[in-house]
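Visitor: Got a structure for you, questions after.
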Amino acid sequence: MPLSPDAVLARFSKAERALHWSVAVLMIILILTGACLYLPVLSGLIGNRYIVQTLHIWSGFLLPIPIILAMFSRAFRRDTQRLNRFTSYDWQWLKSKRARARVGGVPVGKFNAGQKLYAAFALASIIIMLGTGSIMEFNSYFQDFLRTGATFVHDWLSLAIVVVVVGHIYKALGDATARMAMVTGSAPLSWAEREHSAWAAEQKALASTESPAPTA
Amino acid sequence: MSNIETNTTEVAPEVPGLGSPVGRRVVLGMVGLGIAGVAGGSWLSAGMTDAINSTVPQVSGVFPGAGGFRIYTVISGYPSYDAASYRLTVGGLVDKPLSLSLSDLAAMKQTGLTKDFQCVTGWRVANVPWSGVLLSDVLSAAGVQAGAGAVNFNSFDGAYTESLTMDEALRPDILVATSLFNQPLTDEHGAPVRLYVAPMYGYKSIKWLGGITVAKTVDPGYWEKLGYDVEAWVGQSNGRSDAPIA
């Protein structure tokens, strides 16, 4: 049966929310401890290198666990499929802010192109930081020039990660409904029709054929 | 009110899985760049460091990635000292135990060394000018006794310790250092006196040096107890810019 105007859509499952928040907490720990290991003014102030280093490394090695666990969630796997794929609308969305802002402008799926790129960047960063961090930690297995190279990549990618994560948090702070969706799991249809019009249309079509949305 | 359309145009519903796998391409592309960066980073960073230091040298003070030092301390902050009452003690298997003030050290023969500083985890600062007194000169002044096989060091931070075999300690590239970059050591770099062990990874270069003890055997130090090598020679194939002293 058709959705009423004040209907609420299921956006993020429990597994997805648990994944997001556990990764978020670990990332914040990694960034803060990383800053204390890297920036001279902080490493002098905070000191305690061995403790801070241990906290940083443990947080890094824990990071893949929620991701691996989330792979068991059908809802998450379906969303990764959405995040991976770009249609011509995604390129249009990226090219023109004005086209986006126009009412009924570019159709946007469950995730807009910015969110898709962010997810890819986040996954790649986790892989690269874990790899280069492992070279720095298990350094006896690697020749010195590889350790130097790993440190180089780890240094500069960490700065890019900070910039991108700050951008992510900034965007989240700018949309309370989107934020609440990652807390409660649901978002109002009216918000979806504005922000993710093609997803809203898909959900409406699904509702009218009475097939249930995945909730696992 | 009964109508569920809100916009003027009907939007085509999203079809999940339609489109090109840009996400996967971004991930693979970035990981590929990361691998290239690990392989070539040693050379890239040396070039980058030169470029940054010749244009905006202040950057390396903030972002060590631009060829600067990372500052390590294992206690909270840096230990304090008083310049007038500071003494470097030299004891153990020596004929004449010493208690050297900063002016005593300044009066001894000074040696300069310009060498790379290489950390075991990979970061490197190229061509760093150090000066101070050769460790072997300090040991001669105290008179090393027969049977002495090692030199152990302790920091006045109360936590950090290090060691060298006697053969290593007598090398011409090991300094009891008092200056760095042609300035007296600053607190973050181990003021007023530290060790600089040029041929080995940076953790051997104990900061805030308090005492030197000549002994029969090596006493594994702070990081060695946490799993690092006692013999911390920098590897042959490390792309270091300075020439090793045999």
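Visitor: Please determine whether any residue of segment B:204-211 is modelled with pLDDT of 90 or more and more than 20 Å from B:ASP137 (Cα to Cα).
Guide: No, that holds for no residue.
Visitor: Restricting to strands (runs of 3 or more DSSP E) lying wholly in segment B:59-161: which have 1 or more residues that are surrounded by fewer than 17 Cβ atoms within 10 Å (Cβ to Cβ)?
Guide: Where strands (runs of 3 or more DSSP E) fall fully within segment B:59-161 and carry at least 1 residues being surrounded by fewer than 17 Cβ atoms within 10 Å (Cβ to Cβ), they are B:88-92, B:98-100, B:111-118, B:124-134.
Visitor: In segment B:53-78, how many are under 18 Å from the mean Cα position of the chain (by Cα), within 14 Å of B:ARG124 (Cβ to Cβ) and modelled with pLDDT of 70 or more?
Guide: 6
Visitor: Something else: How many residues does segment B:97-121 contain that are within 14 Å of chain A (Cβ to nearest Cβ) and touching a residue at least 24 places away in the same chain (Cβ under 8 Å)?
Guide: 5
Visitor: If A:THR209 satisfies all but one of (1) more than 8 Å from every other protein chain (Cβ to nearest Cβ); (2) touching a Phe, Trp or Tyr at 6+ places or on another chain (Cβ under 7 Å); (3) modelled with pLDDT under 95, what's the number of the condition it fails?
Guide: (2)
Visitor: Related question: Quick one: which residue in A:ALA113, A:ALA122, A:ALA192 is within 11 Å of chain B (Cβ to nearest Cβ) and closer than 18 Å to A:ILE28 by Cβ?
Guide: Matching residue, one of A:ALA113, A:ALA122, A:ALA192: A:ALA122.
Visitor: Any residue in segment A:119-144 that is under 15 Å from B:GLY29 (Cα atoms) and among the aliphatic types (A, V, I, L, M) sitting within a Cβ distance under 7 Å of a residue that is modelled with pLDDT of 95 or more and not in a helix (DSSP H, G or I)? List the pairs, counting only those 6 or more apart or interchain.
Guide: A:ILE126/A:LEU63
Visitor: Of everything in segment B:129-145 that's touching a residue at least 12 places away in the same chain (Cβ under 8 Å) and out of contact with any Leu (no Cβ under 8 Å at 6 or more places or on another chain), which residue is farthest from B:MET108 (Cα to Cα)?
Guide: Ranking the candidates gives B:GLY143 first.
Visitor: Return the pair list, or none, for Cβ contacts closer than 6 Å from residues in segment B:23-49 that are more than 7 Å from chain A (Cβ to nearest Cβ) to residues that are outside any helix (DSSP H, G or I), at least 6 apart or on different chains.
Guide: B:THR49/B:GLY67
Visitor: Would you point out the residue of segment B:162-178, among those that are crowded, with 21+ Cβ neighbours inside 10 Å and polar (S, T, N, Q), that is nearest to B:LEU113 (Cα to Cα)?
Guide: Checking each candidate, the answer is B:THR178.
Visitor: Considering only segment A:120-216, give the helices (runs of 4 or more DSSP H) lying wholly within it that have at least 1 residues that are surrounded by 20 or more Cβ atoms within 10 Å (Cβ to Cβ) and out of contact with any Lys or Arg (no Cβ under 6 Å at 6 or more places or on another chain).
Guide: The helices (runs of 4 or more DSSP H) meeting that bar are A:144-173, A:189-195, A:197-208.
Visitor: Could you grab me the full set of residues in segment A:41-66 that are within 13 Å of chain B (Cβ to nearest Cβ) and surrounded by fewer than 18 Cβ atoms within 10 Å (Cβ to Cβ)?
Guide: A:VAL41, A:LEU42, A:GLY44, A:LEU45, A:ASN48, A:TYR50, A:ILE51, A:THR54, A:ILE57, listed by residue number.
Visitor: Working only within segment B:122-142, note down all residues that are hydrophobic (A, V, I, L, M, F, W, C) and more than 14 Å from chain A (Cβ to nearest Cβ).
Guide: Correct list: B:VAL128, B:TRP130, B:VAL133, B:LEU134, B:LEU135, B:VAL138, B:LEU139, B:ALA141, B:ALA142.
Visitor: Hey, another quick one. Going by the conditions given, is A:PHE12 under 26 Å from B:PRO21 (Cα atoms), touching an Asp or Glu at 6+ places or on another chain (Cβ under 7 Å) and either surrounded by fewer than 20 Cβ atoms within 10 Å (Cβ to Cβ) or among the hydrophobic types (A, V, I, L, M, F, W, C) (or both)?
Guide: no
Visitor: Report, ordered by the first and then the second residue, all pairs with beta carbons closer than 6 Å, sequence separation of six or more or different chains, a first member in segment A:69-97 that is at pLDDT below 95, and a second member that is of a type in the set (Val, Ile, Thr).
Guide: Pairs that qualify, where the first residue is at pLDDT below 95 and the partner is of a type in the set (Val, Ile, Thr), are A:TYR89/A:VAL106; A:GLN92/A:VAL106; A:TRP93/A:VAL106.
Visitor: Something else: What are the residues in segment B:63-96 that are in contact with a Ser or Thr (Cβ under 6 Å, 6 or more places away or on another chain), within 14 Å of another protein chain (Cβ to nearest Cβ) and free of Cβ contacts under 8 Å to residues at least 60 places away in the same chain, if any?
Guide: B:ALA66, B:GLY67, B:GLY68
Visitor: Counting just the residues of segment A:54-98 that are assigned to a loop (DSSP other than H, G, I, E, B) and small (Gly, Ala, Ser), which one comes out farthest from A:MET182 (Cα to Cα)?
Guide: The residue in question is A:SER96.
Visitor: Could you tell me whether segment B:146-153 includes any residue that is touching a residue at least 40 places away in the same chain (Cβ under 8 Å) and polar (S, T, N, Q)?
Guide: Yes - at least one qualifying residue is present in segment B:146-153.
The values are calculated or read from the model by the stated rules, or taken from the named source; none is laboratory data. Since we're looking at a predicted model, the values are computed, not measured. Cβ sites come from the backbone with ideal geometry, for glycine too, and all protein chains shown count toward neighbours.
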